[in-house]
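Undergrad: This is the structure, below, for whatever I ask next.
Computed from the coordinates by the stated procedures, all read-outs in this text should not be read as laboratory data. Because the structure is predicted, anything quoted here is derived from the model rather than measured. We place every Cβ from the backbone using ideal geometry, glycine too, and count neighbours over all the protein chains shown.
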Amino acid sequence: MNNSALSLIQTAVHAGVEVCFTNPGTTEMPIVAVFDQVPGMRVVLGLFEGVCTGAADGWARMTGRPAATLLHLGPGFANGIANLHNARRARTPVVNWIGDHATYHRKFDAPLTSDIAALTNSVGWTRTVKSAHEMAEASLAAVQAALGPPGQVASLIIPADCQWEAKVEPLYIKPSPAFHEPSNQAVKEAARLLRKGKAGILVGGNALTESGFRAAKRVAATTDSKVWIETFPSRQECGRHMPIFPTLPYFPEQACKALAEVKSLVLAGAREPVAFFAYPGQPSKFVPDGAALHMLADPDEGVDAALALEALAQELDAPAIATSSRTIQAYTATNQALDPEKLCRTMAAFLPENAIFMNEAATNGFAWNAVHSFNAEPHTMLFTTGGAIGQGLPNALGAAIACPDRRVIAFQADGSGLYTLQALWSMARESADVTIVVCANRRYRILQAELARAGIKEPGPKAWALTDLTRPVIDWTELAKGFGMPACSVYTDGELADALIRAFAEHGPTLIEAVLT
Ligand SMILES: Cc1ncc(C[n+]2csc(CCOP(=O)(O)OP(=O)(O)O)c2C)c(N)n1
């Protein structure tokens with residue numbers, strides 16, 4: 001086969017795209033047919049499009065380069081939108097190839113015809129390929145658009161005839177994901193505000209690296225200011241070697257309280273902090289009226305926020321601070337029933353060095369960010385950035401394929417995990433080194449908390465039923481085995497510790513259902 005579909009893939013491979021997560025159909029067959037001709041492109045089948053998009057996001061978060069998805073017209077793309085929303089909010093580079101009906105076939109309005117661009121536009125950059133001749137150039141343009149900076153979701157809509165027609169020469173160009181340097185003026189203004197005192201720094205985005213955190217610590221020590229980490233980071237370096245900073249709380253009353261005293265807030269890789277949701281009588285914005293907000297490094301402009309913090313430390317003549325790692329305390333199990341605290345403590349004690357920790361544990365994971373991640377071996381944390389649940393398992397799959405030499409842990413709330421459960425099958429098929437710990441509290445606990453916050457002391461049976469995951473109880477071990485991976489259930493911290501030790505000693509995926517009381 002020597003057609004334009006081949007140019008699409010060859011150009012993408014040269015541009016740094018090494019993997020395609022796909023659930024294809026007839027309109028993508030020319031692309032499917034040429035994959036075997038391109039050795040540099042790995043293909044991974046996802047059994048639901050949300051798995052493909054979430055995996056592409058996870059791969060890109062770990063490599064800084066886009067992965068591709070190959071999806072089937074509007075309905076296939078629509079199935080993957082929630083995780084593309086998360087990718088958009090995380091500014092992750094993702095390239096979607098979406099097959100469409102042949103150009104001459106569209107006017108017949110066959111059953112799968114729809115307005116694909118209306119969907120793709122909602123998550124980022126879109127281009128519809130008009131002819132086979134533009135395929136190589138369009139392929140490169142999509143990768144370039146995805147890389148930004150800032151990173152974004154880039155979708156190419158590719159009619160089937162544009163795939164099967166004559167080959168055009170591929171382009172051999174590798175764009176690089178260079179971030180912009182911070183402006184001198186922004187650095188100087190940040191220094192001026194911080195010197196005035198009663199200031200805070202909100203770090204986020206690409207500031208959450210070791211160098212970014214260390215620079216933030218120097219700045220904070222020199223100016224006596226406080227540092228918070230944004231509530232929903234995309235990727236954060238964590239561990240016992242990192243300075244300890246609090247995450248800005250999720251609930252508005254707590255976040256407002258945290259920021260109540262600041263006279264100015266410097267934003268490094270983070271946007272102005274606002275409430276996730278509005279609540280009656282609660283403010284949408286967290287920074288007190290009259291306080292100054294200053295953008296040191298705008299995440300939407302693709303500025304290197306870690307570099308900006310280093311420049312700020314230099315501007316302030318902030319002395320270097322000796323780095324020291326905290327010692328991990330010897331672990332003793334209580335052998336009591338698991339709760340979120342015992343769960344996180346045990347996970348931290350056994351986390352392998354250099355692990356990737358996908359945290360979609362929801363209410364079970366709050367204590368991870370607040371306390372336990374600082375007392376674990378160095379690791380990279382990924383987080384559900386856009387609030388659309390169902391990112392965790394696919395992200396873990398993508399991260400494992402991106403970094404085969406690192407152990408991936410999917411710390412997974414049960415309700416959220418059920419959105420994209422088919423990721424288990426792809427993990428098993430790809431022998432991905434993922435250890436999944438399902439926090440089986442058998443409820444949508446956050447929604448029960450929201451009902452209580454809304455003042456509903458005794459929810460009616462219908463309202464309660466909408467937050468309850470019993471009746472029937474979900475059998476996670478059978479589900480995992482059905483998708484082709486070993487699994488067990490644990491009820492105490494001691495059992496969890498044993499299961500983790502066993503899982504980390506093996507290659508390939510394992511699921512541990514941690515049953516919470
Ligand atoms: C795509 C999507 N659908 C629905 C929601 C609303 N939602 C937020 S949290 C949640 C349930 C979370 O339950 P679980 O994952 O079990 O975590 P827990 O609250 O029990 O800790 C739901 C349904 C959402 N955020 N995203």
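Undergrad: Could you tell me, in Å, what Rg and Dmax come out for the Cα atoms of the range 120-256?
TA: Using the Cα atoms of the range 120-256, the pair Rg, Dmax is 21.7, 65 Å.
Undergrad: Let me ask something else. Would you mind computing, in nm to one decimal, how far apart the modelled labels at Ala221 and Ser325 are, each placed 7 Å from Cα along Cα→Cβ?
TA: About 1.9 nm, to one decimal.
Undergrad: What is the packing order of peptides 291-303, 70-82, taking the mean over residues of other C-beta atoms within 10 Å and listing the highest first? Could the numbers behind the result be given before it?
TA: On the way: 291-303: 20.6, 70-82: 22.7.
Per-residue mean Cβ counts within 10 Å order the peptides as 70-82, 291-303.
Undergrad: Shifting gears a bit: Label point 7 Å out from Tyr172 along Cα-to-Cβ: which residues of the range 2-43 have amide N under 13 Å?
TA: 11, 14-15
Undergrad: While we're looking at this one, here's another question. Mind checking the full-extension length gain between Lys188 and Lys263? Use 0.36 nm per residue of separation minus the Cα-Cα distance, one decimal, nm. Walk me through the numbers on the way to the answer.
TA: Details: separation 75, 0.36 × 75 = 27.00 nm, distance 1.73 nm.
The span from Lys188 to Lys263 would gain 25.3 nm if fully extended.
Undergrad: Please compute, for the alpha-carbon atoms of the chain, the extent along each of the three principal axes and give them in descending order in Å.
TA: Reported extents, whole Å, longest axis first: 64, 58, 46.
Undergrad: Neighbouring Cβ atoms within 10 Å as the yardstick, rank Ser373, Ser489 fewest first.
TA: Details: Ser373 26, Ser489 16.
With the sparsest Cβ surroundings first, the list reads Ser489, Ser373.
Undergrad: Which of Val123, Val473, Val153 has the fewest other C-beta atoms within 10 Å, and how do the rest follow up to the most?
TA: Numbers: Val123 26, Val473 10, Val153 32.
Least to most surrounded, the residues fall as Val473, Val123, Val153.
Undergrad: How many nm is it between the label spots at Leu112 and Ala33, if each spot is 7 Å from the Cα in line with the beta carbon?
TA: 1.5 nm
Undergrad: Something else about it: So if each residue of separation counts as 0.36 nm, and I subtract the Cα-Cα distance between Ser431 and Asp289, what length gain in nm does that give? Spell out each step's value before the answer.
TA: Details: separation 142, 0.36 × 142 = 51.12 nm, distance 5.28 nm.
Net length gain for the segment: 45.8 nm.
Undergrad: What number comes out for the charge environment of Ala132, summing +1 per Lys or Arg and -1 per Asp or Glu over other residues with Cβ under 13 Å away? Please list the in-between numbers first.
TA: Working: positive: Lys130, Lys167; negative: Glu134, Glu137, Asp161, Glu165, Glu169.
Once all neighbours under 13 Å are counted, the net charge is -3.
Undergrad: Here's a follow-up. If you average 1/r over every pair of different alpha-carbon atoms in the range 269-389 and take one over that average, what Kirkwood value in Å do you get?
TA: Hydrodynamic radius (Kirkwood, Cα pairs) of the range 269-389 is 18.1 Å.
Undergrad: Counting other beta carbons within 10 Å of each residue's own, what order do Ile9, Ile446 fall into, fewest first? Walk me through the numbers on the way to the answer.
TA: Values: Ile9 25, Ile446 16.
Fewest-to-most ranking of Ile9, Ile446: Ile446, Ile9.
Undergrad: At R0 = 35 Å, how high is the FRET efficiency between Ala463 and Glu272 if r is their beta carbon distance? Nearest 0.05 is fine.
TA: On the way: r = 34 Å, r/R0 = 0.96.
With a Förster radius of 35 Å, E is 0.55.
Undergrad: Still on this model: With labels modelled as points extended 7 Å from the Cα through the Cβ direction, what inter-label distance (nm, one decimal) is found for Asn2 paired with Arg42?
TA: In this crude spin-label approximation the distance works out to 3.1 nm.
Undergrad: State the extension gain, in nm to one decimal, for the chain segment bounded by Thr26 and Asp339, taking 0.36 nm per residue of separation less the distance between their alpha-carbons. Present the calculation step by step, with values, prior to reporting the outcome.
TA: Details: separation 313, 0.36 × 313 = 112.68 nm, distance 4.79 nm.
Answer, rounded to one decimal: 107.9 nm.
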